[in-house]
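Chemist: If you scroll down you'll find the structure; I have some questions about it.
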Amino acid sequence: LLTKHSANGPGADTYMYAQVWDGGTTSWGNLITLASWAGTADAGAQNLDGAYLSGGDFLLVFDNNDNTPLYRTWDGTTWSSAAGTLDVGGNPTWLHVAGRSGTNEAMMTTFDTGNDTNTALFDGTSWGGLTEHADPGDSPGFDQFDLAEFTWSQSDLTRGGLIYNEANDSAPNIRIFDRTGGAFGSWGGTVENISIGANVQAATVEDNPAALEYVGCFEDANADITCLESDTTPSWSSPTNGVLDTDTGPGTERSFDFVYERVGGDRGLALYSGGNGSPRQFPKYRTYDPSTNTFSTDTAMVTIGDLLEAVELIADPRSDDIMAVMGATDQDVWTVVWDGSSNVFVTTLGAALTEHGTNGTGDSDFWFDFAWNEF
């Protein structure tokens, strides 16, 4: 569990923590302070992340309020000492780590105070291949969630796709990584061949587990949510019904997400906040068919009692089920499970729509997360 805390009032400071859940004893332990600094600048920024490696270690990367993120590993018993990654040229306000399946490697993506997008590869021992992709990129709609994201392809574990944006640009970029190109891999050319109408404010990218394809979904400055599809050429195409909503509501939250069912790979799911005002109490969803590059028409769910502000979808790696986590304006959090066998949201028992309590920190914050148990 990775958490960030900022106290209120004069003289408030910022702290980052990590702790470990022991499934055997069903208890938390091994709490450590990762970093702390005076003040609360970028207090809401998600500048810590991690991923499990094939060997069983957990790789954790975090900001230390300077240009060089630090990292530590958890081997199941102890935390390693903190060490530096690489100087990314600015203090990260967004940080994402994607582990490469079947290896002890991971890709780090950062977006920093200079609005630059950088990536670097961890090869299991050291960091290398630092690459700056945008200088500067767009100022994000908010600093808690991403303008730049990388995903490895599960159908070809040597490939991956990065989405990001440049300053004052309505055309999202996609760039393909090839791990076989040199000691730390190599990047192909940048493609930005479709405009979504206004500057990108938030983004997410997902690989098709059954093919070398990627879907990127974007929220723009006009409150539109648009999804695009690309192969590894790369080149964006516009799916049928790919504009999910044209009035997701004003604000600085990421009010949408998209993932694939991970086993079959023949269906994707988009969940989002649609229609400004009271309609946003009813989350909307669409399914995606990669064989025809088509999104379904939208379907509204039952109300969550207040406006939907933040969305996260987490696919089960062992099945086609998907966990949906939603944050509302009243700081409440809700969950519901997508049944990938029946292709419906579950309506019975604990997997049905469930309210977990009004303990959130703010409308645009992602103060929740979820992980499937893989063992």
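The values are calculated or read from the model by the stated rules, or taken from the named source; none is laboratory data. All of these numbers come straight from a predicted model, not from anything done at the bench. So basically every Cβ, Gly included, is an ideal-geometry build from the backbone, and we count neighbours across all protein chains shown. Just the protein is used for accessible areas: all its heavy atoms, side chains included, with ligands, DNA and RNA removed. Shrake-Rupley method; radii C 1.70, N 1.55, O 1.52, S 1.80 Å.
Chemist: Separation between the THR26 and ASP87 pseudo-spin-labels, each 7 Å from Cα along Cα→Cβ, expressed in nm?
Modeler: Each label point is offset 7 Å from its Cα along the Cβ direction, giving 5.1 nm.
Chemist: Please turn the phi angles of the range 111-123 into ³J(HN,Hα) values with the Karplus equation 6.51 cos²θ - 1.76 cosθ + 1.60 (θ = phi - 60°), one per residue in order, whole Hz, x for glycine and proline.
Modeler: Along the range 111-123, the couplings run 10, 10, 5, x, 6, 9, 10, 10, 10, 8, 9, 9, 9 Hz.
Chemist: Follow-up question, since we're still on this one. For GLU309, enumerate residues with amide H under 5 Å from its amide H, sequence gap 5+ or separate chain, H modeled in the peptide plane.
Modeler: GLY327, ALA328, THR329
Chemist: Using a/c under 1.5 as the rounded threshold, could you call the range 181-280 rounded, prolate or oblate? The axes a ≥ b ≥ c are square roots of the C-alpha gyration tensor eigenvalues, and prolate needs a/b larger than b/c, oblate otherwise.
Modeler: Note, shape of the range 181-280 comes out prolate.
Chemist: Turning to a different aspect of this structure: Within the range 272-313, whose backbone N sits under 16 Å from a point 7 Å along Cα→Cβ of SER342?
Modeler: Under 16 Å, as judged by backbone N against the label point of SER342, lie 302 of the range 272-313.
Chemist: Would you indicate which of [x] -0.74, -1.09; [y] -1.01, -1.54; [z] -1.06, -1.25 is the value of log10 I(q)/I(0) by the Debye sum over Cα atoms at q = 0.11, 0.13 Å⁻¹ derived from the coordinates of this structure?
Modeler: Among [x] -0.74, -1.09; [y] -1.01, -1.54; [z] -1.06, -1.25, the one derived from this structure is [x].
Chemist: Based on DSSP, what percent of beta bridges with both residues in the range 225-375 are antiparallel, to the nearest 5?
Modeler: 95 percent
Chemist: Moving on to the next point. Please give the contour-minus-distance gain from GLN19 to THR303: 0.36 nm per residue of separation, less the Cα-Cα distance, rounded to one decimal in nm.
Modeler: 98.8 nm
Chemist: Using a simple spin-label model with points 7 Å from Cα along the Cα→Cβ vector, what separation in nm is obtained for THR287 and ASP247?
Modeler: So the label points at THR287 and ASP247 sit 2.8 nm apart.
Chemist: Moving on. Using the basic label-point model (7 angstrom from Cα toward the beta carbon), what is the SER238 to ALA371 distance in nanometres?
Modeler: 4.1 nm
Chemist: Next up: With a 1.4 Å probe and all protein chains left in place, how much accessible area per residue does the range 151-259 have, in Å²?
Modeler: Accessible area per residue, the range 151-259: 32 Å².
Chemist: Still on this model: Please report the carbon-and-sulfur percent of the accessible area for the range 285-349; probe 1.4 Å, protein heavy atoms only, DNA, RNA and ligands left out.
Modeler: Its accessible area is 54 percent carbon and sulfur atoms.
Chemist: Using the per-residue mean of other Cβ atoms lying within 10 Å as a proxy for protection, in what order, highest first, do the peptides 321-327, 61-67 fall?
Modeler: Put in order of decreasing packing, that is 321-327, 61-67.
Chemist: Moving to a separate point now. Can you give the FRET efficiency for ALA221 and LEU1, using 1/(1 + (r/R0)^6), R0 = 30 Å, r = Cβ-Cβ distance, to the nearest 0.05?
Modeler: For ALA221 and LEU1, the calculated efficiency is 0.35.
Chemist: Please check: in the Gaussian network model of the chain (C-alpha springs, under 10 Å), which one of ALA183, ALA82, ALA45 has the largest mean-square fluctuation.
Modeler: Highest fluctuation of the listed residues: ALA183.
Chemist: At R0 = 22 Å, how high is the FRET efficiency between SER80 and LEU157 if r is their beta carbon distance? Nearest 0.05 is fine.
Modeler: After rounding to 0.05, the efficiency reads 0.30.
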